[in-house]
Structure formats: structure tokens, C-alpha cells
Amino acid sequence: MAERQRIWQVCIPHEAPLDTGIDLDELARMFPLPGANISNIVLAAAFLAAAEEAPIGLAHLLAATRREYLKMGKIMPQAGFAGEQEVPQ
């Protein structure tokens, strides 16, 4: 899991506006995905956030994760993050 957490951390550029309170450990634990999928998720979440002119938030990351699971033909595990809000897809 530590490796996956590190991948999440590396995929989010330091200059990207990231909402406070994003728990990368929790994302790594909830979504056992390879690095390429995590990279796709971060990029998609950045586009969702940019469209709203907002920092990348948990809702953006979860919406992008849901899309990535759909592309893989899989069902996304229920995350159950506190304060989770839906972002239009």
C-alpha cells in the first residue's frame, strides 16, 4: 500500500491546486490500482477541477476513479469517505 500511496503522491504535481484534507493513504487503501490507472485518475480529476476553476478535491478524484473503473469494465468499490460529494460526470 505504501507504494500505491507514493504513486498517488507523485502523480499529483506540486503546483496543482489540491484541496486540503485529501487523504492519499485512504485513496491507496480503497483503490488497489496500478500506476497507469492512478495517473489517468489524477489527470481526469485535474480537468474536472479546472472546469470548475477549483482545486482538485475528493469529489473530483472519486468521479475520475469511477470513470477509470468503468473504462476497465469493473465496478468501483464503495469508498465511503467522510464529506464525499458527487461531481457531475
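The values are calculated or read from the model by the stated rules, or taken from the named source; none is laboratory data. Because the structure is a prediction, the values reported are computed rather than measured. Because the Cβ atoms are built from the backbone with ideal geometry, glycine has one as well, and the counts that use them run over all protein chains shown. All accessible areas refer to the heavy atoms of the entire protein, side chains included, with ligands and DNA or RNA removed. Shrake-Rupley method; radii C 1.70, N 1.55, O 1.52, S 1.80 Å.
Please work out which one of (1) assigned to a helix (DSSP H, G or I); (2) open to solvent by less than 70 Å² (accessible area, probe 1.4 Å) is the condition Leu43 fails and give its number.
So Leu43 meets the others, but not (2).
Is there a residue in region 11-21 that is modelled with pLDDT of 90 or more and closer than 17 Å to Glu68 by Cα?
So far as region 11-21 goes, yes, one or more of its residues are modelled with pLDDT of 90 or more and closer than 17 Å to Glu68 by Cα.
Residues of region 1-24 being open to solvent by 70 Å² or more (accessible area, probe 1.4 Å) and closer than 23 Å to Ile75 by Cβ, which ones?
Met1, Asp23
Listed residues Ala59, Ala82, Ala64; which is modelled with pLDDT under 95, surrounded by 13 or more Cβ atoms within 10 Å (Cβ to Cβ) and of a type outside the set (Ser, Thr, Tyr)? It would help to see each step written out before you state the result.
Details: Ala82 fails: surrounded by 13 or more Cβ atoms within 10 Å (Cβ to Cβ); Ala64 fails: modelled with pLDDT under 95.
The unique qualifying residue is Ala59.
For the subset of region 46-56 comprising residues that are assigned to a helix (DSSP H, G or I) and small (Gly, Ala, Ser), which member is surrounded by the fewest Cβ atoms within 10 Å (Cβ to Cβ)? Steps first, please.
Initial filter on region 46-56 (assigned to a helix (DSSP H, G or I)): 46-51.
Next, from what is left, pick out any that are small (Gly, Ala, Ser): 46, 49-51.
On the way: Ala46: 21, Ala49: 22, Ala50: 14, Ala51: 11.
Out of the qualifying residues, it is Ala51.
If the Cβ limit is 9 Å and pairs must be 6+ apart or interchain, which residue in region 8-36 that is farther than 21 Å from Glu52 by Cβ and of a type in the set (A, V, I, L, M) pairs with which residue that is part of a loop (DSSP other than H, G, I, E, B) and at pLDDT below 90?
Ala28/Met1; Met30/Pro77; Met30/Gln78; Met30/Ala79; Met30/Gly80; Met30/Phe81
Could you say whether any residue in region 68-77 is of a type in the set (Gly, Ala, Ser), within 13 Å of the chain's Cα centre (by Cα) and at pLDDT 90 or above? Talk me through it step by step, then tell me what you get.
First, the residues of region 68-77 that are of a type in the set (Gly, Ala, Ser): 73.
Then keep just the ones that are within 13 Å of the chain's Cα centre (by Cα); that gives none.
No.
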